[in-house]
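Scroll down for the structure; my scribbles are underneath it.
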Amino acid sequence: MKKVLLILNCIISIGCATVSNLKPNEKQLPIMQRKVPGISLEEARQGFKLYKFNCAGCHNLHKPDAYSISGWEKVLPEMLGKAKLSSEKDIQALKNYLFAKSK
Amino acid sequence: MKRIVIITVAVFSFLLSHAQDRNFARTYQTNVLSKGAIDLEFWHTSRFGHSGQYFHAQDQRIEVEFGLGKNWQTAFYFNRYQERYSTSLNGTTTSNEIGFSNEWKVKLSDPVANKLGVALYSEWSIKGGDELELETKLILDKVIGKNLFAFNGVYELEKEFEWVNGRLNSDGSEMPLEFDLAYMYNANKKFGIGFELRNHNKIGKVNGWEHSVLFGGPTINFRSNRWFVIANYLPQWGNVYKTDIAPGNKVLDELERAEARILVGISL
């Protein structure tokens, strides 16, 4: 039983504790700011959280760098509607995150 | 069944939004609905083929799923179970039962954003008024481009209750342990094809580990903006852990020769 719990613990840690490759970090900040001037790490992380919680319900997440900014601008109006996001602030944070991490 | 078909068609023609992207008929993925989203699913499972006996079981479920936000999801099911089997050379019996289930699921990590998608799942059911089932699952999945991999470890506890002289008595309990492994190639937005493997282990209080049976078969998935349909055919391959209780190459008294499931989903 102990062994089973240990294995379970390992599996869950692989999933949760590994820092996501999509999560914005310090090192990426200059690159992100080139695409979205003035974006802060905190704001980008907030956008990432909104993305994870709101955009993986109907399909798996699409990698942000699968699209250019103009590509995202094309799909986002429809998808924001589908995700029923209404707060202007949330929408802006989500957009900024995707733009900052875009192709 | 007829009524389910009519309801399905009716709801289909009225609804114009997309359902949750479920890919497999049996194996669960870590996806949860986003907050406020509601999904409706219709399940039909046929199980058939016992040795030396005509046997056909049909399980039907109607499921309503709710996204609760923060990666939590709950669902309620209404279930109908029908079994038809031969009792003698030319006699058959049909038994009908109904049931209710409630599931809870929480997603801990994402199959795209993290190295591994992880979710925990638990479901309780009452069946026919005298049976209680508890099911817990560990769900893992991973997306690599168009390839989707999923694994479930499932632990069940089934307990039957009986009123005897005004007291609630519990006789048998069963603790099946199951592992599901699934792969799907999502060729495009509308279509995926893959297979599911199921390993069912019966572990009883009295007799210990009785058998370990492998099933496996193809799954196809069609989806559009408004709905999805998933079909799977799952024949029994064989018993890989033979015991005195289950000495044969296959287990064909408690389990079936094959199982077919069709699942239709729409979003509200």
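The values are calculated or read from the model by the stated rules, or taken from the named source; none is laboratory data. Bear in mind the structure is a predicted one, so any value in this text is a computation, not a measurement. Here Cβ is always computed from backbone atoms with ideal geometry, including for glycine, and neighbour counts include all displayed protein chains. Accessible surface is based on the protein model in full, side chains and every heavy atom, while ligands, DNA and RNA are left aside. Shrake-Rupley method; radii C 1.70, N 1.55, O 1.52, S 1.80 Å.
Descriptive notes on the structure:
- For segment B:64-81, the set of residues classified as part of a strand (DSSP E or B), farther than 30 Å from B:Val251 by Cα and not polar (S, T, N, Q) consists of B:Val64, B:Glu65, B:Phe66, B:Gly67, B:Leu68, B:Gly69, B:Trp72, B:Ala75, B:Phe76, listed by residue number.
- Sub-8 Å Cβ pairs linking a first residue in segment B:28-39 that is within 9 Å of B:Lys105 (Cβ to Cβ) and within 8 Å of another protein chain (Cβ to nearest Cβ) to a second residue that is among the aromatic types (Phe, Trp, Tyr) and in a strand (DSSP E or B), at least 6 apart or interchain, are B:Val32/B:Trp72, ordered by first then second residue.
- Matching option when the condition is away from chain A (no Cβ under 14 Å) and either among the basic types (Lys, Arg) or free of Cβ contacts under 8 Å to residues at least 12 places away in the same chain (or both), among B:Gly129, B:Gly99: B:Gly129
- Filter result (open to solvent by 50 Å² or more (accessible area, probe 1.4 Å), outside any loop (DSSP other than H, G, I, E, B) and closer than 30 Å to A:Cys58 by Cα) within segment B:205-238: B:Pro218, B:Ile220, B:Phe222, B:Trp227, B:Tyr233
- Segment A:36-76: number of residues that are assigned to a loop (DSSP other than H, G, I, E, B) and more than 10 Å from chain B (Cβ to nearest Cβ): 7
- When the residues of segment B:239-268 are filtered to those that are touching a Ser or Thr at 6+ places or on another chain (Cβ under 6 Å) and small (Gly, Ala, Ser), the one that is surrounded by the fewest Cβ atoms within 10 Å (Cβ to Cβ) is B:Ala260.
- The single condition among (1) part of a helix (DSSP H, G or I); (2) within 12 Å of another protein chain (Cβ to nearest Cβ); (3) over 12 Å from the mean Cα position of the chain (by Cα); (4) surrounded by fewer than 17 Cβ atoms within 10 Å (Cβ to Cβ) that A:Gln33 does not satisfy is (2).
- Boolean, A:Ser102 is surrounded by 15 or more Cβ atoms within 10 Å (Cβ to Cβ), at pLDDT 90 or above, of a type in the set (S, T, N, Q) and within 29 Å of B:Arg22 (Cα to Cα): yes
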